[in-house]
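Trainee: Mind having a look at this structure? Questions to follow.
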Amino acid sequence: MEKWFNVGKIVNTHGVKGEVKVVSSTDFPEERYQQGNTLHLFTPKTKEPISLIIESHRKHKNFDLLTFEGYHDINQVEVFKEGILKVQEDQLQDLDEGEYYYHEIIGCKVVTVQDDELGTVKEILSPGANDVWVVKGEKGKEHLIPYIEDVVKEIDIEKGLIIIEPIEGLLS
């Protein structure tokens, strides 16, 4: 069975020439949205994904704006709204040591160096200089863990385990 990984969500059209607004969820927008790359669009209205070849990419405010080969009119891309852009597992690139895909981190159990269990990574936020992991505990309490060297001490993807050393005030 094929594995698919989210790259972004088409939230709207932009202009009349087939450009779409994408809220990106990829770690590598420059590479994913490179001219000539293929993305697969999943919409609630279609059973099979639609393969789209990127014609152009540019940033605008907090969005990535894309056009696709063969789609040069707003009426053609209007149906893409709310669709999810994905890539297949074989389109993932190898990462350097110490780098991880979001899907590898989400779902990992987080414990402190003192072996206190905090919960599971449910979401990753990218607000600025570093990612922030949303860790949800068993009782529903959420912890926001910055992905920085001072805090994250060990990541074991095979075991699904992350060990952190909380800095003062982090868990209060």
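Trainee: What list do you get for 26, 46, 120, 112 if you sort them by fewest beta carbons within 10 Å?
Mentor: Starting with the residue having the fewest Cβ neighbours, the order is 46, 112, 120, 26.
Trainee: Find the lysine pairs in region 4-91 meeting two conditions, Cα atoms under 24 Å apart and a separation of 8 or more places or different chains, and report how many there are.
Mentor: Count of close lysine pairs: 27.
Trainee: Any lysines with Cα under 20 Å of the residue 139 Cα? List them, leaving off those in the same chain fewer than 8 positions away.
Mentor: 109, 122
Trainee: Out of the trypsin sites (Lys or Arg not before Pro) in region 113-148, which ones are loop residues according to DSSP with at most 13 other C-beta atoms within 10 Å?
Mentor: Within region 113-148, the qualifying trypsin sites (Lys or Arg not before Pro) (loop, at most 13 other Cβ atoms within 10 Å) are 139, 141.
Trainee: Can you pull the semi-axes for region 102-164, root of five times each eigenvalue of the Cα gyration tensor, sorted largest first, whole Å?
Mentor: Each semi-axis is the square root of five times an eigenvalue, giving 16, 14, 12 Å.
Trainee: Please identify the GluC sites (Glu not before Pro) of region 63-120 that satisfy two criteria: DSSP loop assignment and at most 16 other Cβ atoms within 10 Å. Which are they?
Mentor: 69, 82, 97, 99
Trainee: According to a simple spin-label model (label point 7 Å from Cα along Cα-to-Cβ), what is the distance in nm between residue 114 and residue 79?
Mentor: Distance between the two pseudo-spin positions: 5.8 nm.
Trainee: Also, I was wondering about something else. Kindly put 3, 9 in sequence by how many other C-beta atoms sit within 10 Å of each C-beta, fewest to most.
Mentor: 3, 9
Trainee: Quick check on the exposure proxy: order 94, 131 from fewest to most C-beta atoms within 10 angstrom.
Mentor: Exposure proxy ranking, most exposed first: 94, 131.
Trainee: Taking 8 Å as the Cα distance limit and 6 or more residues as the minimum spacing, I'd like the relative contact order of region 46-131 as a percentage.
Mentor: For region 46-131, the relative contact order is 13 percent.
Trainee: Please sort by residue number the trypsin sites (Lys or Arg not before Pro) in region 47-99 whose DSSP state is loop and whose Cβ has at most 11 other Cβ atoms within 10 Å.
Mentor: In loop regions of region 47-99 (DSSP not H, G, I, E or B), the sparsely surrounded trypsin sites (Lys or Arg not before Pro) are 47, 61.
Trainee: Antiparallel versus total DSSP beta bridges in the chain: what percent is that, nearest 5?
Mentor: 90 percent
Trainee: Now, a different point. Can you give me the Cα centroid spacing of region 23-59 and region 1-20 in angstrom?
Mentor: 5 Å
Trainee: Something else: Using only alpha carbon pairs under 8 Å that are at least six residues apart, calculate the relative contact order of the chain and give it in whole percent.
Mentor: It rounds to 18 percent for the chain.
Trainee: For region 4-91, what is one quarter of the convex hull surface built on the Cα atoms, given in nm²?
Mentor: For the Cα atoms of region 4-91, the hull's average projected area reads 5.2 nm².
Trainee: Under a no-solvent Debye model with one identical scatterer per Cα of the chain, what's log10 I(q)/I(0) at q = 0.19 Å⁻¹?
Mentor: One equal scatterer on each Cα of the chain leads to -1.16.
Trainee: Another question, then. Nearest 20 debye, what's the magnitude of the dipole of region 101-147 about its Cα centre given +1 on Lys and Arg Cβ and -1 on Asp and Glu Cβ?
Mentor: 140 debye
Read-outs: derived from the displayed coordinates by stated rules, not from any lab. Please read all numbers here as calculations on a predicted model, not as lab measurements. Cβ atoms come from the backbone with ideal geometry, glycine included; neighbour counts cover every protein chain shown.
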